[in-house]
Structure formats: C-alpha cells, structure tokens
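Each reported figure results from applying straightforward, stated rules to the coordinates on display, with no laboratory input. Only a predicted model underlies this, so the values are computations on that prediction, with no experimental measurement involved. Positions of Cβ are backbone-derived with ideal geometry, glycine not excepted, and every protein chain shown enters the neighbour counts.
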Amino acid sequence: MSGFDPVVSQVLAARGTATPGEAARKVLHALGRLRDGEQNATERRYEAHLEQQRRSGEIQWYMFEGIKLKLAPRTFLTVDYVVLPASGVLEMHDVKGARAIFSDDAKVKMKVAARIFPLVFKVVYPRKARDGGGWDVEEIR
C-alpha cells in the first residue's frame, strides 16, 4: 500500500492535518496513560475472562499487546489482545472501558487494519453489572 488508505486520507483531510501522527497529537488521551506492556483494570478483567475461555477450550491462546501492525508510514496499531480461538482464525481484540472511549482515530485505525490484514478485529466493552455483567463484543469490518 503506498500512501494512506482512502479512509485515513478522508479523516485527515477533514481534520486539516497532514499525517496520522499530527492527528493523534490533537486527540485527548485517557488520564494516567500506561506504559507499553502495562494493563489497566479493564484489561486485567478481560484477561481473566480470556483465561477462563482458554481453560474451557473456547480459545487456544492469547497474548497482551502481542502484535504491532504497520498501517502506513509511521502509523501503527497495537491492539490489546491477540486471541487464537478454537476455530484457528486469529483475532485482534481491543478493550475499551466504554463505547464512548472508542475515539474516531482508533476506529479509523481498526477499520484500515481490517481492510489490510486477513485477521478478525473486535472491540470489547464491559457490560454493566445491572445488565448482567460480562462483555459486549463488536466486530470491525
């Protein structure tokens, strides 16, 4: 792929920026961002869920921040979990504390990655206890 994917170019043009890096610097990030390899509380809870699935045979393997994908020059995506379900089709799971936290830039990166790579991309949100707990999973296409 030379240059940017058309979706990325449209978003950047709408924002009036030249590169994904410039666009990313304009976006507010969660307070207390963690270093690479460190998990927040939601990610730790999701990992406990993945471990239960591994023990039950639903998934074969998972790894936190296990793969870094190059989307364009100086533009990368590292999802929270690489997951290998029993089906054998590799999945990339990104954990968000709530739907509102899934920023436009993150959505674009996930959509671009889903177009480029032969992988399944999913965003995972915790379900509120009053709604039964667990996780809501949205596949990105």
In the range 66-107, the residues that are in a loop (DSSP other than H, G, I, E, B) and closer than 25 Å to Lys128 by Cα:
Val79, Asp80, Lys96, Gly97, Ala98, Phe102, Ser103
Every pair of residues 6+ apart whose Cβ atoms lie under 8 Å, when the first sits in the range 78-94 and is more than 18 Å from Met110 (Cβ to Cβ) while the second is of a type outside the set (A, V, I, L, M) and surrounded by 18 or more Cβ atoms within 10 Å (Cβ to Cβ):
Leu84/Tyr62; Leu84/Glu91; Pro85/Glu91
From the residues in the range 39-62 that are surrounded by 12 or more Cβ atoms within 10 Å (Cβ to Cβ) and aliphatic (A, V, I, L, M), which one is farthest from Gly134 (Cα to Cα)?
Ile59
